[in-house]
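See structure below.
The values are calculated or read from the model by the stated rules, or taken from the named source; none is laboratory data. What you see is a predicted model; the values in this text were computed from it and never measured. Cβ coordinates were reconstructed from backbone atoms using ideal geometry, including for glycine residues, and neighbour counts include every protein chain displayed. These accessible areas exclude ligands, DNA and RNA; they are computed on the full protein's heavy atoms, side chains included. Shrake-Rupley method; radii C 1.70, N 1.55, O 1.52, S 1.80 Å.
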Amino acid sequence: MDLITIHRDNMDEARRNSRYRSMRYGAFLLTYGPFEMFFNHVIGAHGGPPQGTPATMERIRQRFSQHLGVSDVTGRWRARVRAQPEPGRGGRWLWTTIEAQRLDDYLRDAKAVRNRLAHGDDPQTAPNASGTLYDRKDGKTSITLMWVEGFVQAVQDLATITALELTGGDALIPEWPVPPRTGVSVGPPAPPYGLTP
């Protein structure tokens, strides 16, 4: 959250200074790592490999079925995200809730960005199957601060739904940190947890 807040502190400086522009990558990596680790820790605590499970729906579903006996842990997954502006929307990154194939694509897109950043490749060559990343005019993609803010929210939603699913709804859910929200970022959709009994 601090990186998102710092990035917003001085937008003029953020446009001029590459150190400010790179904060979106840092905020993304600081979110992606613990998200993936959450699932690896749960799998490892139940006799599975404590690492090496990517945060994709198929692999998590497979490993949870194999090691926890939960056949479809991702079946109720839904997440609030911010998607790239659509034509006629005035360039606003609106909140939306995604699920099913689009959510799977979203997590695969995020994994591709993570892999490129971790290995020194160009993150702007990541795919955009989910349609949430920013499509640049040069044919590349880009993660923006708004996309990262949505990713922070998405991983909180997915971790919460997973915890509720595994505990039959008895998990104590933390009060997740939220960056200061202004303008269009103020109104994300209602939490999708109510969709999990």
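Things to note:
- Entry note, the chain: relative contact order of 22 percent, from Cα contacts under 8 Å with a spacing of 6+ residues.
- Measuring how big the chain is from its alpha-carbon positions, Rg and Dmax come out at 16.9, 52 Å.
- Residue of Pro49, Pro123, Pro87 that the Gaussian network model of the chain assigns the largest fluctuation, springs spanning Cα pairs under 10 Å: Pro87
- Max mean-square fluctuation residue, GNM over the chain, Cα-Cα springs under 10 Å, options Phe38, Phe28, Phe64: Phe38
- For Ser65, solvent-accessible area (1.4 Å; no DNA, RNA or ligand), Å²: 50
- Looking at the stretch 110-143, the trypsin sites (Lys or Arg not before Pro) that sit in a DSSP loop and have at most 11 other Cβ atoms within 10 Å of their own Cβ are Arg136, Lys137.
- Most fluctuating residue given options Val73, Val152, Val81, as computed from a GNM of the chain linking Cα atoms under 10 Å: Val73
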